[in-house]
Amino acid sequence: MKKFLLLILAAGCANTGAAPPGGSTLKAVRARGTVKCGITAGTGFATPDDAGQWHGFDVDFCRAVAVALFNDPSKAVFLPYTQQQRFSGILSGEVDILANGTTVTSSRALQRPFHFGPIYLYDGQGFMVPKASKVTNAKGLDGATVCVQQGTTTELNLADFARKNKVTFRPVVIEDMRAAVAALAAGRCDALTQDFAGLATTRSMLQHPNDYVVLPDFISKEPIAPVVRAGDDQWLEIVNWVFRAPVEAEELGINQANVEQFQTTTTDPEIRRFLGLDPGAITGDGLDPQWTAHVIARVGNYADIFDRDLGPKTPLGMDRGVNKLWNAGGLLYSPPFR
Amino acid sequence: MRRWVWIIVGIALVVWGLRNAAANLEARGLTIGFEFLTQPANFAIGDTGWLKFAPDDTMGRAIIVGLLNTARVAALGCLFALIVGFVVGISRLSANPTLTGLTRAYVEILRSTPLLLLLLFLSALLHGLPTADHALSPLPGVFLSDRGLYLPSLTELPRHTRFGFVGGTELSPELAALLMALVLHQSAHISEVVRGAILAVPKGQTEAAHALGLSRLQTLRFVIVPQALRAMVPLLAQNCVSLIKNSSLAVAIGFPDVVSVLNTIGNQTGHNVETMLIMVVVYLSASLTVAYAMGRYNARITA
């Protein structure tokens, strides 16, 4: 119901401080003085601390946009959505960017009035089962009851996988992820299906994480990218390049710890262009002439962000997997900053 | 005359609202259309009731499955809520202090518990049943576990498989929790309607019946309840309508009612406005149907 009210409210009384459809998001952001980010709460991706500050992988990437525009991480405002409400949030103009683990799909891109920015996490869907069930692969779940969260691509992938492999699953579709996790813990479901990153989050939420295992099968591709409204190329390009900057920085060897040193000493032309020391390459509407340096100093490069929010030292303990640089055997590849 | 002015103002407001919404939706690149109903759903539904449903069936059929699930909850829920409500309402007027105390506690506790909380509590309670491997089996072919209640059907017995049970007739834990929560919650309200309506019948009626030598039960059955019914029917209808609308909380515990299915479709296709319109039509027609049926019944008993 909330979603509908939002849409109708947005449709019925447009121009209430929200970024207007078809208008300049950058202008609205400048006038407001903040970037509004739509997120979905989840350990590692977006969690508030006891001071009300948001932390996490999605949060960091969205915060980078605020840093690029205002050189001030506090200028990012976060609005949590359920997976159900998220698209109304971006379409109604309530947020400027949606960075909440949305999967890029052709139907979303072609049929809905929004655009995807660069892929910032390569994920896939998997299953988590209790160790005691002795299930070792996804096909071994034939006949099982599977808990799944509503409003995500996982619901469709589950049905596809069952049809393709001639197995049957009985889905229990639950709106709130926490309720789905509770159902798994209570034994109502034989398995829980979610993206791998999500499974790591979920596992860390369980009372006895070690009693559960994540099955090795990837049953889908889940490239995660930010979403912006269609019809605002200028804003799309800003989001594109800000999301690419941490990747390029990692490739150039620039990180949060050494960026200041690079700024004062480097003679490498590529790095000088990237950091805005030689003007031209990173100049753009509304962007600070040295926005890349600010982003790396205040948010970090891709490795900094990943290690801080998702990596082995966090409760999620995720491996970089395919989220390594292209020249290290991964899929992360930024177009050149020049 | 005055009335017409208001009607015209009302219509003008609605037209303006719709035009404004349409214009703004178009500005956001959203178009209204129902073609998606004939496209394959590509998702599965856990509890399909009497219908069969596979992911390659259409979205329209998925909605019908959800609709029948809602209808199942509405019909069973209203029936049981009325029965329990009547029994509790009448018991509360009994001369037995234990009975009145118990029913009073029932009403007060349930009326002051938010329905969603009750629903989540019952759902968690049912999750506490034994696992499928240790299912309670009081009779052959009857299994009660955290996978639900499995009973023999006319053609087959339920079988225990690696994951739970297959075959037979089943009552899923989600449906059971939803039905129990709705019946408990609504019956507490209904019992107060019943009690109020009975108390509203003038005391002289009871005294006259007793003077004629009718027993307490006979007085209730032949004198009081028929008169009280007139006062309670509109409110009972109202309670049934509430129950139907409250059944949309199903999504919180994973029962695929019509709202749950429409939410999934809206989210997968982006046709949120259309799915919301369908929801409005579904709940409006359900409410109007109940109101109409109760109106007819009321006309008959008051005639």
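Read-outs: derived from the displayed coordinates by stated rules, not from any lab. No experiment lies behind these values; they were computed from the predicted model shown. Here the Cβ is made from the backbone with ideal geometry for all residues, glycine too, and neighbour counts use every protein chain on show.
Things to note:
- Within chain A, helix-based [θ] at 222 nm, where runs of 4 or more DSSP H residues each add -39,500 (n - 2.57), nearest 500: -10500 deg cm²/dmol
- Tilt relative to chain A, helix A:153-164 - C-alpha long axis, 0 to 90 degrees, to 10: 50 degrees
- Note on segment A:125-220: with charges restricted to the Cβ of Lys and Arg (+1) and Asp and Glu (-1), its dipole about the Cα centre is near 280 debye.
- Here segment B:136-253 is treated with +1 on each Lys and Arg Cβ and -1 on each Asp and Glu Cβ, and its dipole about the Cα centre works out to around 260 debye.
- Average beta carbon contacts from partner chains per residue of B:140-152, 10 Å cutoff: 1
- Residue-averaged beta-carbon neighbours from other chains (10 angstrom radius) around A:152-161: 4
- Size of electric dipole in the protein assembly as shown: Cβ of Lys, Arg +1 and of Asp, Glu -1, about Cα centre, debye, nearest 20: 2560 debye
- Angle in degrees between helix A:2-12 and the longest Cα principal axis of chain A, rounded to the nearest 10: 40 degrees
- Positive-end extreme of charge dipole, chain A - chosen from A:Thr145, A:Thr283, A:Ile224 (charges on Cβ): A:Thr145
- For segment A:113-128, 3J(HN,Hα) computed residue by residue from phi via the Karplus equation (6.51, -1.76, 1.60; θ = phi - 60°) reads x, 8, 10, 9, x, x, 6, 10, 8, 9, 10, x, 8, x, 10, 10 Hz, glycine and proline entered as x.
- Likely footprinting exposure, A:Tyr212, A:Tyr302, fewest C-beta neighbours within 10 Å first: A:Tyr212, A:Tyr302
- Helices meeting the span-like rule in chain B (full DSSP H runs, Cα extent of at least 20 Å along the helix axis, mean Kyte-Doolittle score of -1.0 or higher): B:2-27, B:59-91, B:97-111, B:173-200, B:225-246, B:272-302.
- Ranking of A:Glu251, A:Glu222, A:Glu260 by count of other Cβ atoms within 10 Å, fewest first: A:Glu260, A:Glu251, A:Glu222
- With neighbours defined as other Cβ atoms within 10 Å of a residue's Cβ, the residues B:Phe163, A:Phe218 order from fewest to most as A:Phe218, B:Phe163.
- Inter-chain shielding of B:171-180 (mean C-beta neighbours from other protein chains, 10 Å cut-off): 1
- Integer Hz, Karplus 6.51/-1.76/1.60 couplings in order for segment A:101-107, x for Gly and Pro: x, 6, 7, 6, 9, 5, 5
- Averaging the sequence gap over all C-alpha pairs within less than 8 Å and six or more residues apart, then dividing by the number of residues, gives chain A a relative contact order of 21 percent.
- Ranked by the mean number of other Cβ atoms within 10 Å of their residues, highest first, the peptides B:95-102, B:243-250, B:215-222 fall in the order B:243-250, B:215-222, B:95-102.
- Listed by chain and number, the lysines placed with their C-alpha closer than 20 angstrom to that of A:Lys139 are A:Lys131, A:Lys164, A:Lys166, A:Lys221; residues fewer than eight positions away on the same chain are left out.
- Each of the peptides B:226-236, A:46-56 was scored by the mean count of other Cβ atoms within 10 Å over its residues; in descending order, highest first, they stand as B:226-236, A:46-56.
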